[in-house]
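Presented below is the structure to which this report refers.
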Amino acid sequence: MSATIQILSGLGDKGPAAIVVEAQGKRLLLDAGGALHPGEPVTWAQGLAVDAVLISHDHVDHIGGVVELPAQIPLYCTPLVAKTLPPQRAWQPLPYRGRLDVEGIAVTTGQAGHSLGGVWLHLDDAGGIFYSGDACFESRLFPFDAPPPAHTALLDASYGRYDQPQAQCIHAIGKALDHPLVLPVPETGRALEMALWLSEEADQRHLPLAIDPIIRDNLAALLALPNDLRRKGLDAAIQALLQRPNARHPALWLVSDRDDDPPDWPHHRLLHTGYLTPQRRQQLAAGEVLWQRWNVHLRASHLVALAHQLQAVQVAPLFTPLHADAESAWRDLLGTRLITQPSLDVEAQTKVLSSPLLTP
Ligand SMILES: [Zn+2]
């Protein structure tokens, strides 16, 4: 069996995700990413013909380009991700963890550890093709399922060679909490685990806290899923948080990211914890906002561990720069497995049999 992979977008920089896998005479599009910065054109969809599209999760750089695709192309995503689709867009369910036939290709999904309803995708063709979407091993809330082996791995490398453990990130954020802060966060992503952590910190420090209603709704949606789709031992804390009223004069605000700017919050400082747009980078350089990462992507050693676990023979680091210095650093990490070209013909020598999914 052989397959062709075309990384239409997402290779060589942080950018919209769009990958076409052609196998068994069918073309599947993995993710349909939209622009990360407002007003930026999305060009990968021009003239594109595919038989189906599979969406890993509901962040704009993975789902925002659905509007660019003809509405009749069958679209697969999990029910929680479907809430973010354009109104009236037809969709078919992907399991949160399981297997499904899409256009004659066996697709396995598992929890990616990154966001509410998000999954990784494994195509059982050409020795296995694994696409992580956005993935993380370190979430306090979202499990990461061990995937079946794959000859080819397309992995979330958004953090480049960065490799700081989450415990250190959280410690650094903790040191900033004694000043009035607003933390704008993606409402289906780190928002949920940060809400749990912040409520513990607010209790210990006697700080008034408010959490955006949409973040509360998403925590309730997580609690309504089967309990093996979240890490163990957290249900009571989620319940307590949902019943906790917002403070009238919060020192700490966890808000859904709505492009907040410093003038929107005259009595608080903005603390960003994720990807910074060019405008926010300028604000950070000018001392107008704070930044400390909260890990939600694979850090370098975890990416290498995942490539090893997959027994991957070729590995493409996605969503990260691949200029000469970066490429040589990735070659140090991945050796001859590194792929940096957008088109690949995959001829697996031996078919890799799918192993049973490991649950967290
Ligand atoms: Zn994401």
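A few remarks follow.
- Subset of segment 235-269 that is hydrophobic (A, V, I, L, M, F, W, C) and assigned to a loop (DSSP other than H, G, I, E, B) - its residue that is nearest to Gly39 (Cα to Cα): Trp265
- Per the conditions (1) touching an Asp or Glu at 6+ places or on another chain (Cβ under 8 Å); (2) free of Cβ contacts under 8 Å to residues at least 60 places away in the same chain, the sole criterion not satisfied by Ala220 is (1).
- A search for C-beta distances below 7 Å between a residue of segment 91-103 that is surrounded by 15 or more Cβ atoms within 10 Å (Cβ to Cβ) and any residue that is of a type in the set (D, E, K, R), counting only pairs 6+ apart in sequence or on different chains, returns Arg97/Asp145; Glu103/Lys26; Glu103/Asp51.
- If you go through segment 292-318 and pick out every residue that is surrounded by 23 or more Cβ atoms within 10 Å (Cβ to Cβ) and part of a strand (DSSP E or B), you end up with 4.
- With respect to the conditions (1) without any contact (Cβ under 8 Å) to a residue 24 or more places away in the chain; (2) of a type in the set (Asp, Glu); (3) within 16 Å of the ligand (Cβ to nearest atom), Glu138 lacks only one, and its number is (1).
- Cβ-Cβ under 6 Å pairs, at least 6 apart or on other chains, segment 60-74 side at pLDDT 95 or above and within 11 Å of the ligand (Cβ to nearest atom), far side open to solvent by 10 Å² or more (accessible area, probe 1.4 Å) and assigned to a loop (DSSP other than H, G, I, E, B): Asp61/Pro16; Asp61/Leu36; Ile63/Thr84
- Qualifying residue in segment 167-185 (condition: in the same structural domain as Leu94 (by TED's automatic domain parsing), within 16 Å of the ligand (Cβ to nearest atom), among the aliphatic types (A, V, I, L, M) and in contact with a helix residue (DSSP H, G or I) (Cβ under 9 Å, 6 or more places away or on another chain)): no
- Breaking point among (1) within 28 Å of Ala316 (Cα to Cα); (2) open to solvent by 10 Å² or more (accessible area, probe 1.4 Å); (3) outside the structural domain of Leu8 (by TED's automatic domain parsing), for Ser199: (1)
- Selection within segment 121-135 - open to solvent by less than 10 Å² (accessible area, probe 1.4 Å), part of a loop (DSSP other than H, G, I, E, B) and away from the ligand (no atom under 12 Å from the Cβ): Asp125, Ala126, Gly127, Gly128
- Single unsatisfied condition, Pro186 versus (1) open to solvent by less than 30 Å² (accessible area, probe 1.4 Å); (2) within 30 Å of Leu85 (Cα to Cα): (1)
- Where Thr4 falls short, out of the listed (1) part of a strand (DSSP E or B); (2) open to solvent by 20 Å² or more (accessible area, probe 1.4 Å); (3) more than 29 Å from Ala326 (Cα to Cα): (3)
- Some residue of segment 186-194 being at pLDDT 95 or above and either more than 16 Å from the ligand (Cβ to nearest atom) or assigned to a strand (DSSP E or B) (or both): no
- The one condition in (1) modelled with pLDDT of 95 or more; (2) out of contact with any strand residue (DSSP E or B) (no Cβ under 6 Å at 6 or more places or on another chain) that Pro263 fails to fulfil: (1)
- Residues that are under 20 Å from Pro226 (Cα atoms) and part of a strand (DSSP E or B) within segment 93-120 comprise Pro93, Gly98, Arg99, Leu100, Thr108, Thr109, Gly110, Gln111, Ala112, Val119, Trp120, listed in sequence order.
- Residue pairs whose Cβ atoms lie under 8 Å apart, separated by 6 or more positions or on different chains, with the first residue in segment 311-329 and among the acidic types (Asp, Glu) and the second surrounded by 15 or more Cβ atoms within 10 Å (Cβ to Cβ), are Glu327/Leu338.
- Across segment 258-279, the number of residues qualifying as more than 16 Å from the ligand (Cβ to nearest atom) and either touching a residue at least 24 places away in the same chain (Cβ under 8 Å) or within 29 Å of Val119 (Cα to Cα) (or both) comes to 11.
The values are calculated or read from the model by the stated rules, or taken from the named source; none is laboratory data. None of these values were measured; they are calculated from a predicted model. Methodologically, a virtual Cβ is constructed for each residue, glycine included, from the backbone with ideal geometry; neighbour enumeration extends over all protein chains shown. Accessible surface is based on the protein model in full, side chains and every heavy atom, while ligands, DNA and RNA are left aside. Shrake-Rupley method; radii C 1.70, N 1.55, O 1.52, S 1.80 Å.
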